[in-house]
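Every number here is computed from the coordinates shown, using simple stated rules; none is lab data. Note that the structure is predicted; figures quoted are calculated from it, not measured. Reconstructed Cβ throughout: ideal geometry from the backbone, glycine too, with neighbour counts over all protein chains shown.
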Amino acid sequence: MIKINEIEVFNFKGALRGMRNPLESWDKSDSYYDENNNYIVGEEDMKLALKLVKAGNEHAKFMRQIFVSIDITAPDYWWKEYATYKIGTVENSTSTMHKITSRLLTENDFSIDEWDASDIGMLNNLNELIFKYQNQEVKDKKLWRKIIQKLPMSFNYKRTCTNNYQGLRNMYFQRNHHKLQEWLDFCKMIEKLPYSELIIVEK
């Protein structure tokens with residue numbers, strides 16, 4: 001399971017202005033703000049942007065200046081793979097350190113497609129430990145550690161992530177045919193971003 005929301009994309013104007021710095025061709029820029037204050041990428045700017053993207057990352061540095069902020073809730077097994085792309089990214093995560101014992105867990109806290117007896121047993125065992133910890137006058141650090149250590153890879157974490165169009169382009173082409181459904185859903189989100197052709201266009 002992966003949930004993606006609170007999607008914000010910003011700095012097209014600055015990125016495209018910088019894109020034209022090398023040849024000082026600012027006078028050819030045709031992007032503009034419409035009546036709703038949306039930034040519209042013009043035909044000439046898009047033509048140059050796609051040309052640079054197709055030429056390779058070293059020519060498309062402006063893509064690093066188109067920023068994306070998103071909230072992602074996903075299981076630990078997906079976050080481990082996402083960590084491969086941590087160059088130029090920032091994340092703020094929910095905290096098991098502070099919050100894992102604040103409430104009993106439910107099935108919604110895990111990415112398990114089909115629950116069976118062993119999964120229910122795992123959930124019940126964790127909740128028994130959490131309940132015991134909650135009702136201690138003096139909190140037992142060893143018990144807290146046991147709860148943390150028993151969390152499975154399917155446990156969901158929410159993180160607010162900042163990335164950029166070039167980073168997302170790398171992810172898209174490396175993960176668009178991945179075995180994990182979470183990556184396929186993530187790539188579908190990328191395809192719906194503003195001017196996503198800059199990300200998904202083939203070289």
Cα centre as origin, Lys/Arg/Asp/Glu Cβ charges: segment 101-150 dipole, Debye: 580 debye
Pick out, in residue order, every one of the trypsin sites (Lys or Arg not before Pro) in segment 12-59 that is DSSP loop and has at most 13 other C-beta atoms within 10 Å; say none if there are none. none
Check each of the chymotrypsin sites (Phe, Trp or Tyr not before Pro) in segment 53-154 and keep only those in coil by DSSP with at most 16 other C-beta atoms within 10 angstrom; list them in order. W115
What is the magnitude of the charge dipole of the chain about its Cα centre, with +1 placed on the Cβ of each Lys and Arg, -1 on the Cβ of each Asp and Glu, and no other charges, expressed in debye to the nearest 20? 900 debye
For the chain the mean separation of alpha carbon contacts under 8 Å (6+ apart) over residue count, i.e. relative contact order in percent, is 30 percent
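What number, rounded to the nearest 500 deg cm²/dmol, is the helix-based mean residue ellipticity at 222 nm of the chain, given -39500 (n - 2.57) per DSSP H run of at least four residues and division by all its residues?
Computed ellipticity for the chain at 222 nm equals -12000 deg cm²/dmol.
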Using modelled amide H (1.01 Å from N, peptide plane; none on Pro or chain starts), what sits under 5 Å from the amide H of N164, excluding residues fewer than 5 places away? V68
Sorting L105, L129, A117 by the position of each Cα along the dipole of segment 101-150 (Lys, Arg +1; Asp, Glu -1; all at Cβ), the one nearest the positive end of that ordering is L129
